[in-house]
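So the structure is just underneath, and the comments pick up after that.
Values quoted throughout were computed directly from the atomic coordinates according to the rules given, and no laboratory measurement underlies them. Here the structure is a predicted model, which is why all the values come from computation and not from measurement. When we count neighbours, we look across all protein chains shown, and the Cβ atoms used for this are built from the backbone with ideal geometry, even at glycine.
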């Protein structure tokens, strides 16, 4: 057999997601008869809500498994919009701006590709979800690591310092910022006033803010209220899903709330990439 002359793309040379490497090895050991206690992955201990399981069973029996509208089922998007109205004071979220995706990972793909071009600088907290860096690097973005404060957060102060440092060094400005609150992996949370100030800083300096809110609903007693960026700005991209708060990790149900200036781009990408 002749030597293969084909080579993988440079963009594919990213680090593996170590958590899933451990999951794969744990699965091998479990199939070999070992008893495994899973502490490696963000899998809630509870099960999916019984009403969700019941409705899924009914839909499968009815063989309702065809294509849907690219944004997702309208009743589901309307229910999510109603959730925002009931949960977050003054949140700006219309059902038409919600795009359903195959897990929050699909939402990251739409958000990154709609908001950033190759070479754009996107900031992430020094301690953050590893896949932010992996995906941004794959899409040709330059990842800027921003030091966190004593509470493991990036606030408006840390963002301003990072912007000033890049300006002083003659480096390209920060085009975007993504972070989660509650944060993965630290659990750190921005207080509502801190999130409000961060949104304002992003709007004032032309930074596209992406708020990963997947861990909303999982907080300790006495923690700050988990505010949504939708309460403070109309320009942020908000990402969430059913995996954590609803214990539905394997269902792969996420969504992105797109701001008006990116909504049509998000729809086009969802259609073209099969992520809607």
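The distance from the alpha carbon centre of the stretch 222-265 to that of the stretch 106-179 is 18 Å, rounded to a whole number.
Once the piece of chain linking residue 78 and residue 152 is laid out straight, how much longer is it, given 0.36 nm per residue of separation minus the C-alpha distance between them?
Working: separation 74, 0.36 × 74 = 26.64 nm, distance 3.47 nm.
Contour length minus Cα-Cα distance gives 23.2 nm.
Nearest-5 percent of antiparallel DSSP beta bridges in the stretch 69-273? Write down the numbers at each step before the final one.
Details: 8 of 24 bridges.
Restricted to the stretch 69-273, the bridges split so that about 35 percent are antiparallel.
In the list [x] 60, 49, 34; [y] 60, 59, 39; [z] 63, 43, 31, the label attached to Cα extents along the principal axes in Å as derived from the coordinates here is [y]. Using a Gaussian network model of the chain in which every pair of alpha carbons under 10 angstrom is joined by a spring, one finds that among 134, 184, 90 the greatest mean-square fluctuation is at 90.
Were the residues from residue 38 through residue 138 laid out at 0.36 nm apart, the gain over their Cα-Cα distance would be 33.1 nm. Protection proxy ranking of 140-153, 55-68, by the mean of other Cβ atoms within 10 Å over each peptide's residues and highest first, is 140-153, 55-68.
Once C-alpha pairs closer than 8 Å and six or more residues apart are averaged by separation and normalised to the residue number of the chain, the relative contact order reads 23 percent. For the pair residue 56 and residue 11, the difference between a 0.36 nm per residue extended length and the Cα-Cα distance amounts to 12.5 nm. Each residue, residue 234 and residue 3, gets one label point 7 Å from its Cα in the Cβ direction; the gap between the two is 6.1 nm.
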